[in-house]
Amino acid sequence: QVQLVESGGGLVQAGGSLRLSCAASGSIFSINTMGWYRQAPGKQRELVAAITSGGRTNYADSVKGRFTISRDNAKNTVYLQMNSLKAEDTAVYYCYGEIRSRSSNLLYRYWGQGTQVTVSS
């Protein structure tokens, strides 16, 4: 069984910073891409940022230059450093990992439970 557990959400004023973490645990054989989606009320879930096992990254245009994604492969953990936060960044943030478990040869996308980020203007 594989689990992703997020931490680091909260309430922050516009212009402030937050750092999200997401740790994968369980019967993990390997992890490919990890990343973050977000979903604001009444909107579709959108990709925020992703990072491959080799460190290649991509970002939504709306967060480029403000957010930085990184990962610690030894800890099976992905991070999202969010700076210069805006009210429109308010959403539930979900991490994901494309993980091959020890019990299966299949690559499966696992999700975290979500963490609320609220930016007050």
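Would you check which residues across region 1-35 are of a type outside the set (Lys, Arg), closer than 16 Å to residue 85 by Cα and outside any loop (DSSP other than H, G, I, E, B) and list them? Outline the logic, then answer.
To start, the set of residues in region 1-35 that are of a type outside the set (Lys, Arg) comprises 1-18, 20-35.
Among the residues that remain, those that are also closer than 16 Å to residue 85 by Cα are: 8-18, 20.
Matches in region 1-35: 10, 11, 12, 13, 18, 20.
Scanning region 43-70 for residues that are part of a strand (DSSP E or B) and either over 24 Å from residue 15 (Cα atoms) or at pLDDT below 95 (or both) yields one hit, 51. Scanning region 75-105 for residues being assigned to a strand (DSSP E or B) and hydroxyl-bearing (Ser, Thr, Tyr) gives a total of 6. With respect to the conditions (1) in contact (Cβ under 8 Å) with a residue 24 or more places away in the chain; (2) surrounded by 14 or more Cβ atoms within 10 Å (Cβ to Cβ); (3) within 21 Å of residue 106 (Cα to Cα); (4) not β-branched (Val, Ile, Thr), residue 80 lacks only one, and its number is (3).
Among the residues of region 36-71, how many are farther than 27 Å from residue 106 by Cα and either crowded, with 16+ Cβ neighbours inside 10 Å or among the aliphatic types (A, V, I, L, M) (or both)? Of the residues in region 36-71, 5 are farther than 27 Å from residue 106 by Cα and either crowded, with 16+ Cβ neighbours inside 10 Å or among the aliphatic types (A, V, I, L, M) (or both).
Each row is one residue, and each column tells you yes or no for (1) open to solvent by 40 Å² or more (accessible area, probe 1.4 Å); (2) over 23 Å from residue 99 (Cα atoms).
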| position | (1), (2) |
| --- | --- |
| 7 | yes, no |
| 10 | no, yes |
| 16 | no, yes |
| 21 | no, no |
| 24 | no, no |
| 28 | no, no |
| 31 | no, no |
| 34 | no, no |
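In the condition set (1) modelled with pLDDT under 95; (2) open to solvent by less than 70 Å² (accessible area, probe 1.4 Å), residue 1 is compliant with all but (2).
The values are calculated or read from the model by the stated rules, or taken from the named source; none is laboratory data. Here the structure is a predicted model, which means the values were calculated and not measured. Cβ sites come from the backbone with ideal geometry, for glycine too, and all protein chains shown count toward neighbours. Just the protein is used for accessible areas: all its heavy atoms, side chains included, with ligands, DNA and RNA removed. Shrake-Rupley method; radii C 1.70, N 1.55, O 1.52, S 1.80 Å.
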